[in-house]
Structure formats: structure tokens, C-alpha cells
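Worksheet for the structure shown next.
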Amino acid sequence: MKGYYFITDCKLSRAGNERDVLSAVSCGVKVVQYRNKNAETLQMYEEAVRLGEICRNSGTMFLVNDRIDIALAAEADGVHLGQSDLPCPTARKLLGREKIIGVTVHNLAEALEAESVGADYLGVSPIFQTATKPDAGKPAGIRLIEEIRKEVDIPLVAIGGINHDNAGEVVRAGADGLCAISCVVAKENVKEEIAKFQALFK
């Protein structure tokens with residue numbers, strides 16, 4: 001989980017999900033999460049298969065947001081679940097022990113609960129105000145990363161309103177990885193933007 005964590009966003013993307021994922025894996029990104037909230041199931045499945053193949057060919061972990069059925073059908077490495085999705089233990093029964101399960105958390109209590117029921121990593125969100133997910137809730141700030149880092153052992157990926165100006169704070173607070181969406185996929189040179197974030201972990 002160390003480094004920049006890539007999440008697709010077809011609405012913001014200038015190049016499209018496939019080209020974005022190709023750019024991400026060429027920069028050495030270790031995790032790609034496929035997120036497409038508005039697509040029909042068949043479209044999601046077909047795109048997940050294509051993106052998953054790109055990731056497998058580069059040795060990159062490929063996760064699907066929310067949809068356990070799509071993750072299984074596309075033979076993804078795992079899923080990322082929100083607080084309103086299926087509980088982690090239920091997802092584990094469906095996916096098996098070998099698959100990766102990430103869980104979004106918004107406070108320490110949720111983080112402790114997710115770790116205790118078997119999450120492999122946590123998405124800590126939102127750290128700052130984010131336009132990508134306006135319903136994400138009130139920004140928690142850097143302190144939440146520091147607070148959770150002291151109490152849990154699994155990797156933390158910081159998400160929400162992160163950009164080149166505040167990413168350094170996020171890393172220093174103890175995040176193992178971070179995700180910035182709008183300031184990457186909406187830009188002309190996706191590789192260049194990712195490389196800047198990757199450099200923070202070297």
C-alpha cells in the first residue's frame with residue numbers, strides 16, 4: 001500500500017480510465033481501485049476485466065469499489081468497501097481469505113472496528129474538503145491520521161481533498177499511502193502528476 005493509490009474517475013478523466021490506468025502502472029503505482037458509481041453492471045464488468053488485465057500484466061493490485069460481484073467475476077484482487085456497503089466479515093465469506101478488503105473509515109471507532117473484523121487496510125476519509133465526493137462528510141484533518149496511526153497496525157490510505165500542497169503533511173502524519181483524484185486524472189499529464197506524489201514516499 002506504500003505510495004500513491006490510484007482510483008479511477010471517468011467523469012473527471014480527460015484521457016479515459018484505460019489510459020489513466022496505463023499511466024498509473026507505468027509510474028509504479030502498486031494499487032488501482034476501479035470506481036464507477038453510475039455504470040450499468042455489464043459495463044462495469046467489461047471495464048473491470050480490461051483494467052484488471054492491465055494491472056495483472058504489470059503486477060499491480062486491482063481492486064473494485066463496492067461491488068463484490070464485479071470483483072469476483074473480473075477476478076480482481078479484492079474490494080474496497082464503504083461504511084454503507086456489505087460488512088467486512090460478510091465480504092470475507094464471499095471473497096475468501098486470499099482477497100484484499102479495504103474499508104473506508106471516518107473516525108477512530110470505525111478504524112478499530114474495521115481492523116478487528118479483518119480489514120486488510122483502511123481508507124481514511126475525508127482528510128480535507130473534497131469536490132470529488134461532496135457527500136463524504138466533514139473533513140477530519142491530519143489529526144485523524146495521527147490518531148488512527150497510533151492505534152492500528154494495518155496500512156492507512158488517506159483520501160479526500162489531497163493535492164500537491166498538502167500531501168507532504170499527510171505522509172508525515174503517518175499515512176502509508178494517499179489518493180488524489182481531481183488533481184491527477186483531470187490534468188493533461190497524468191504520469192507527471194502521479195510521479196510528484198510517488199516522490200513523497202522515496
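Only the coordinates and a few stated rules stand behind these numbers; no lab work does. Just so we're clear, the structure is a prediction, and the values are computed from it rather than from any experiment. Note that we place each Cβ from the backbone using ideal geometry, even for glycine, and neighbour counts take in every protein chain shown.
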_Let me check I have the definition right: for the chain, take the eigenvalues of the Cα gyration tensor, multiply each by 5, take square roots. What are those semi-axes in whole Å, largest first?_
23, 22, 15
*Just the ratio, please: alpha-carbon radius of gyration of region 1-98 over 2.2 N^0.38 Å, N its number of residues.*
1.02
*Each label point is 7 Å from the Cα along the Cα-to-Cβ direction; what then is the distance between the points at residue 46 and residue 12, in nm?*
2.6
*Top of 126, 139, 155 by mean-square fluctuation, Gaussian network on the chain, Cα under 10 Å*: 139
*For every other residue with a beta carbon closer than 13 angstrom to the beta carbon of residue 108, add +1 if it is Lys or Arg and -1 if Asp or Glu, then tell me the sum.*
-3
*Top of 191, 93, 138 by mean-square fluctuation, Gaussian network on the chain, Cα under 10 Å*: 93
_Around residue 91, under 15 Å between beta carbons, what's the net of Lys plus Arg minus Asp minus Glu among the other residues?_
-3
*When all C-alpha to C-alpha distances in region 74-191 are sorted into bins of 5 Å, what percent of pairs does each bin hold, rounded to whole numbers?*
2, 12, 22, 21, 19, 14, 8, 2, 0
*asked:* Could you identify which residue out of 101, 54, 145 has the top mean-square fluctuation in a GNM of the chain using Cα springs shorter than 10 Å?
replied: 54
*Going down the list 138/191; 30/99; 2/93, which pairs span over 19 Å between their C-alpha atoms?*
138/191; 2/93
